[in-house]
Amino acid sequence: MNDQQLLPEMVEVWQETLNWQPTESQHQQFQRLYAGILAGNRQLNLTRITQPDEFWEKHLWDSLRGVASLLSGEEKPLNIIDIGTGAGFPGLPVAIALPSSSVTLLDSTRKKITFLDSLIPQLAIPNATTVLGRAEKVGQQRQHHQRYDIALVRAVGSASACADYALPFVKSGGLGILYRGHWSEDQTDELKGKVESLGGAIASVESFTTPISHSIRHCLYLRVPIRLG
């Protein structure tokens with residue numbers, strides 16, 4: 001695998017699908033991220049997605065689709081956590097696209113956190129930091145419990161488990177965003193009780209089609225109501 005493979009720029013697709021496009025600097029950060037993942041794959045099993053177009057769609061575009069509403073217009077600084085980040089997705093693309101926000105990358109696998117700790121300086125992403133630990137324990141720690149505006153969870157167990165991981169991190173008025181594949185109204189009904197038991201509500205479920213492979217995906221937005229007192 002050649003680390004010099006180039007990602008497609010996809011300027012028009014970014015604009016048409018997310019009403020946003022990366023600056024030249026951000027595109028170069030995405031390219032360095034891609035090269036870093038390819039290099040890391042030689043020692044660690046980070047991802048099976050290594051072809052340029054597939055990496056762009058499934059690791060970059062898909063990561064940012066979940067936060068599309070935050071990309072256009074003036075950026076509001078937010079405190080964001082990516083739970084079960086693995087190789088850094090969706091957290092690193094989000095940190096690149098939202099440079100005024102702080103993004104914490106949480107994973108329970110030491111090798112992956114060590115890899116991210118070496119990769120982040122190479123990408124020049126000062127707003128990304130890492131935490132090693134299990135979500136169910138870290139989410140109860142004072143410095144993390146109800147401290148985040150947004151908690152992102154992608155490809156980490158069932159939707160019910162993802163809600164369980166995410167909502168303890170979310171502050172009053174914040175969001176948990178669950179990245180899912182196929183989804184149905186029946187699944188929404190099943191998840192509703194779990195989310196409510198955690199003090200949240202299902203604000204919306206967005207269905208979308210990926211721009212290259214035309215796969216159906218969903219994002220679930222779980223709102224934590226503003227707490228009084």
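The single condition among (1) more than 13 Å from the chain's Cα centre (by Cα); (2) modelled with pLDDT of 95 or more that R180 does not satisfy is (1).
For residues that are open to solvent by 10 Å² or more (accessible area, probe 1.4 Å) and either farther than 23 Å from K58 by Cα or part of a loop (DSSP other than H, G, I, E, B) (or both), tally how many sit in region 88-113. Qualifying residue count for the region: 6. Condition test on W20, is it surrounded by 19 or more Cβ atoms within 10 Å (Cβ to Cβ), among the aromatic types (F, W, Y) and modelled with pLDDT of 95 or more? For W20, the condition - surrounded by 19 or more Cβ atoms within 10 Å (Cβ to Cβ), among the aromatic types (F, W, Y) and modelled with pLDDT of 95 or more - is not met. One residue stands out in region 171-211 among those that are of a type in the set (V, I, T) and touching a residue at least 60 places away in the same chain (Cβ under 8 Å): the one that is nearest to V224 (Cα to Cα), namely I177.
Please go through region 212-229 and give me each residue that is in a loop (DSSP other than H, G, I, E, B), under 21 Å from A68 (Cα atoms) and touching a residue at least 24 places away in the same chain (Cβ under 8 Å), ordered by number.
Matches in region 212-229: I212, S213, S215, V224.
The single condition among (1) within 15 Å of L33 (Cβ to Cβ); (2) open to solvent by 10 Å² or more (accessible area, probe 1.4 Å); (3) modelled with pLDDT of 95 or more that A124 does not meet is (3). Being under 17 Å from the mean Cα position of the chain (by Cα), touching a residue at least 12 places away in the same chain (Cβ under 8 Å) and assigned to a helix (DSSP H, G or I) is not true of I81.
To keep it simple, each residue is scored yes or no on (1) hydrophobic (A, V, I, L, M, F, W, C); (2) touching a helix residue (DSSP H, G or I) at 6+ places or on another chain (Cβ under 9 Å).
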| position | (1), (2) |
| --- | --- |
| A128 | yes, yes |
| Q141 | no, no |
| P168 | no, yes |
| Q187 | no, yes |
| I202 | yes, yes |
| S207 | no, no |
| P211 | no, yes |
| L220 | yes, yes |
| P225 | no, no |
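The values are calculated or read from the model by the stated rules, or taken from the named source; none is laboratory data. Computed from a prediction, not measured in an experiment: that's the story for all the values here. Glycine gets a Cβ as well: all are built from the backbone with ideal geometry, and neighbour counts include every protein chain shown. Each accessible area value is taken on the protein alone, full model and side chains, heavy atoms only, with ligands, DNA and RNA left out. Shrake-Rupley method; radii C 1.70, N 1.55, O 1.52, S 1.80 Å.
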